[in-house]
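Just so it is clear, none of the values below were taken in a lab; they were calculated from the coordinates. Treat the numbers as computed from the prediction; the structure is a model and nothing was measured. Backbone-built Cβ (ideal geometry, glycine too); neighbour counts: all protein chains shown.
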Amino acid sequence: MAFMPAPGYQPCYNPTLPYCREIPGGLRLGMSVYIQGVANDHMKRFSVNFSTGPESGSDIVFHFNPRFDGWDKVVFNSMQSGRWGSEEKKKSMPFRKGEPFELVIMVMSEHYKVVVNGSPFYEYGHRMPLQMATHLQVDGDLQLHSINFLGGGPAPGQMPMTIPAYPGPGATHSKPPLPSMDGPPVFNPPVPFWGRIQGGLTPRKTIVIKGQVSQRADSFTINLKVASSGDLALHINPRMSEGAVVRNTMLGGKWGKEERNMNFRNPFIRGHFFDLSIRCGQDRFKVFANGEHIFDFQHQLTAFHQVDTVEILGDLTLSYVQI
C-alpha cells in the first residue's frame, strides 16, 4: 500500500546517497527540515547543503559539515560565486558513530537554528538570501531514513522551539483531492502531551507524530480520546518488552478486544526515531510508520466526531506533532 502524504507534509523515506532534490516551494521563512538517519560506524564526515541548484558547483546558501578527524567539530559555511566564505566552527560533536540521530534545521528570520536529537546546537546567521536556495543536498558517511520538509510561509519573527500544545484545525487525508495541513505544528513538546483536535475528528483528517523511543523504554501510549467521557476511539500501545504493538478501544470504562497481530516489522525500537501518521477514514483508522502501512483499525466508536484530544504518554521524546 503506497504512502501518500498530505500537502504541507513532504516526507521522503530511505533515500539513496548522494541525495539531491528540489525543496518543495523553495526555502522560506518558517520552514523546518527534519533529517533522520544513522551515523556510519566508521564515519569521517557528512554534509547537508541548501544549494542554489542541483549541480555540484552550485552556490551553497547554508553548509552543515560534521567532521570526525581527531579534532571532532562541525563546520558551517556558505559558498557564493564559487568561493567559500569564512568557516564557523563548533568544536563539539552531537553525533555518535553507529547511532541514530535526528537533525532539524529551522529557518528563522535572522539565522538557521540547528537542533540535534532535540537539543539546540547552533545558530548560523544568514549570509545570502534564503530564497536563493532551491535544492537540498545530503552526502557522506551516513544512512538516511527520512527527510521531511515541514511548514513554511509567513512567520512573525522567529519560530520558537515549543509552541502552544493546542494547535488549530488539523491535517486531513484519505482520497483525492488531497487536503492541506492547516494547524501549526508543535515542536519538541514535553511528555505527557495533550493536543486538541479542533472541531473533533472527521474523515480524511491526519495526525502526524515524530519522536524517539527512549533507550530503556518499556512502553508508550498514543490515545485518540473523547475528553468529556474518557472514551478512547483508538489506543496504540507499543510494548518494547513484549515486542508488540497493541491496539484497542475503551468505551464506557471497558476495554475492547486487543489487536496485536504482527504481520509487519515493528517500527518502534529502543533508541530509534519514528514517523507515525494516523488517518481517519469513514470506517477505520489507517496507520503508517516510517512510510509503511502497518495496520488498520476498525472504528468501534461510531460517533468518532466526538474525539477531540490526542494524548501521548510513556517512554519517548517528541520532536514534532501535527494535528
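Annotation: the range 171-322 has a Kirkwood hydrodynamic radius of 15.5 angstrom, from the mean reciprocal C-alpha pair distance.
Split the chain at each of the trypsin sites (Lys or Arg not before Pro) in a DSSP loop with at most 10 other beta carbon atoms within 10 Å, and the longest piece is 92-215. Annotation: Cα Rg of the chain relative to the compact-globule expectation 2.2 N^0.38 Å equals 1.03. Computed as a quarter of the hull surface, the mean projected area of the alpha carbon convex hull for the range 255-323 stands at 5.8 nm². Between F121 and D41, the distance separating the two model label sites (each 7 Å from Cα on the Cα→Cβ line) works out to 2.3 nm.
Measuring nothing but how far apart in sequence close Cα pairs (under 8 Å, 6+ apart) lie, relative to its length, the chain scores a relative contact order of 21 percent.
For the range 86-110, the residues whose backbone nitrogen is under 16 Å from a point 7 Å from the Cα of W71, taken along Cα to Cβ, are 87-93. For the pair the range 14-71 / the range 74-130, the C-alpha centres are spaced 10 Å from each other. Convex hull volume of the C-alpha atoms in the range 9-151, normalised per residue: 101 Å³. If the limit is 32 Å between Cα atoms, which of K44/K210; K91/K210; K97/K205; K210/K257 go over it? Flagged as over cut-off: K97/K205. GNM remark for the chain: springs join alpha carbons under 10 Å apart, and the peak mean-square fluctuation among G271, G25, G195 falls on G25.
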